[in-house]
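Notes for the one structure printed next.
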Amino acid sequence: MALCSKVIEMMDDKAQPPADAEPDLEHGPCMLALSPKRRAFVMAMARNPMGRHTDWAKEAGYAKRGLRVRAFETYHDPKVQDAVMEVARATLGARGPLLAVHGLLEIAGNPKHQGRLKALELIANRVGFSEKRQIEIVHRDLTGDALIERMKYLSEKLAEPLTNEIKLPPHPLANLIEHQPAADDDGEGNE
């Protein structure tokens, strides 16, 4: 059974692709590494990406006998997958920018579209009317020595000399917290 399928595959790959197959001049190295049948399969995928494996195989000219197996094997062939990516990149690179511009202009031209302002900003940025933004990055050393130096600098700048000791105003409850021993108390907690 496996030998039979290999013979059919070899015959299918050597058969001529359909007359409307793409010329070799437009293909990249991955497509050129494929047989003409497999190239036609990839191009059928590109023309109808929502199609089924068997549809692509039929369009590529594969024989009806064993079509589902051939379609499955061809689709899952790593060389075919590489060629699909190559065609997708080429298509996106050629048509993608045009489609993006067309869509952007459609949105920008529709006063009722909720994304209109964003589309207008994108267009303005791309034609030279971009807003200029300046970002300032300041590095500050926050080590103890650096902070002390900064405090001294600010103290001198404000004309108030920095002392080693920080004096806080007395807290109103300070007398309640501090224990004043009574005259008969020896201060050691002995009764």
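Observations
- Residue that is surrounded by the fewest Cβ atoms within 10 Å (Cβ to Cβ), among those in segment 105-121 that are aliphatic (A, V, I, L, M) and closer than 19 Å to GLU131 by Cα: LEU117
- Residues of segment 54-68 classified as in a helix (DSSP H, G or I) and buried (at least 16 other Cβ atoms within 10 Å of the Cβ), total: 7
- Candidates are the residues of segment 38-66 that are of a type in the set (Gly, Ala, Ser) and within 17 Å of ALA90 (Cβ to Cβ); the one that is nearest to the chain's Cα centre (by Cα) is ALA46.
- Scanning segment 67-86 for residues that are touching a residue at least 60 places away in the same chain (Cβ under 8 Å) and either under 26 Å from the mean Cα position of the chain (by Cα) or within 15 Å of ALA44 (Cα to Cα) (or both) turns up just one, ARG70.
- Boolean, THR91 is of a type in the set (Ser, Thr, Tyr) and within 30 Å of ARG39 (Cα to Cα): yes
Computed from the coordinates by the stated procedures, all read-outs in this text should not be read as laboratory data. Remember, predicted model here, so these are calculated numbers, not experimental data. As a convention, Cβ positions derive from the backbone with ideal geometry for all residues, glycine included, and neighbour counts pool all protein chains shown.
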